[in-house]
Amino acid sequence: MKTLVIIGAARPNGHTRKMVDLFLENLDGEKEIIDAYRTDVKPCMDCRYCWKTKACVIKDGMQDIYQKIEEADNILLASPMYFHSITGRMKALIDRFQVYWAGHVRGDMPEKPLRKGAILMVGGAPAFENQFLGGELVLKNLLNDLSAQCLGQVCLPNSDRDSLETRPDIAEAVVALAKKMNDAE
């Protein structure tokens with residue numbers, strides 16, 4: 001089992017990374033992390049090249065990421081929430097996955113999921129209704145376009161005051177989600 005993690009956190013040792021690390025400690029198989037803040041990926045130009053060919057005209061670090069997606073059995077997406085959605089660097093990276101969405105236009109989208117997926121999100125504010133909805137919509141739709149069945153998501157609200165140490169319920173949910181991915185093979 002090979003898991004590809006795409007993380008969109010600016011702070012390399014922040015709450016999002018700690019959730020990812022806990023998830024990976026409880027996950028079997030090979031694991032690789034792509035850090036959106038440390039990639040050489042240009043933004044999508046909406047040139048629509050991918051509408052005819054399952055490839056991107058921009059040749060940069062994304063070519064390697066496309067290959068890693070193709071080889072992955074699982075995909076974990078993790079991001080803090082900035083103004084009610086994922087971070088800008090994560091979004092810029094996601095926009096380049098237009099190649100996969102364009103399968104709807106090209107007519108070559110797989111009929112059923114090829115891999116499993118999961119989502120981790122962190123919000124600094126105290127919990128409020130729909131706090132993670134913007135990120136959830138983007139990330140669940142991305143998993144769908146990457147032909148990944150979403151097995152679930154875990155969210156840590158109030159991270160300005162709380163952490164996995166003060167919220168053992170959240171830590172347990174992260175571990176449970178990793179185990180669910182292990183069992184989903």
Checklist entry - If you scan segment 64-82, which residues turn out to be assigned to a helix (DSSP H, G or I) and among the aliphatic types (A, V, I, L, M)? => result Ile65, Ile69
Next on the checklist: Need the failing condition index for Cys47 against (1) more than 25 Å from Asp169 (Cα to Cα); (2) touching a residue at least 12 places away in the same chain (Cβ under 8 Å); (3) hydrophobic (A, V, I, L, M, F, W, C), just the number.
Outcome noted: (2)
Checklist entry - In segment 136-158, is there at least one residue being touching a residue at least 40 places away in the same chain (Cβ under 8 Å), surrounded by 13 or more Cβ atoms within 10 Å (Cβ to Cβ) and among the acidic types (Asp, Glu)? => result yes
Checklist outcome for this item: Scanning segment 159-181 for residues that are touching a residue at least 12 places away in the same chain (Cβ under 8 Å) and closer than 25 Å to Leu114 by Cα gives Ala173, Val174, Val175, Leu177, Ala178, Lys179, Lys180, Met181
Item to check | Those residues of segment 22-42 which are within 17 Å of the chain's Cα centre (by Cα) and assigned to a loop (DSSP other than H, G, I, E, B), in sequence order | outcome: Leu27, Thr39, Val41
Next on the checklist: Just checking, does segment 12-21 include any residue being in a helix (DSSP H, G or I), in contact with a Pro (Cβ under 8 Å, 6 or more places away or on another chain), within 21 Å of Ala118 (Cβ to Cβ) and touching a residue at least 24 places away in the same chain (Cβ under 8 Å)?
Outcome noted: yes
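Every number here is computed from the coordinates shown, using simple stated rules; none is lab data. Model, not experiment: these values are computed from the prediction. Positions of Cβ are backbone-derived with ideal geometry, glycine not excepted, and every protein chain shown enters the neighbour counts.
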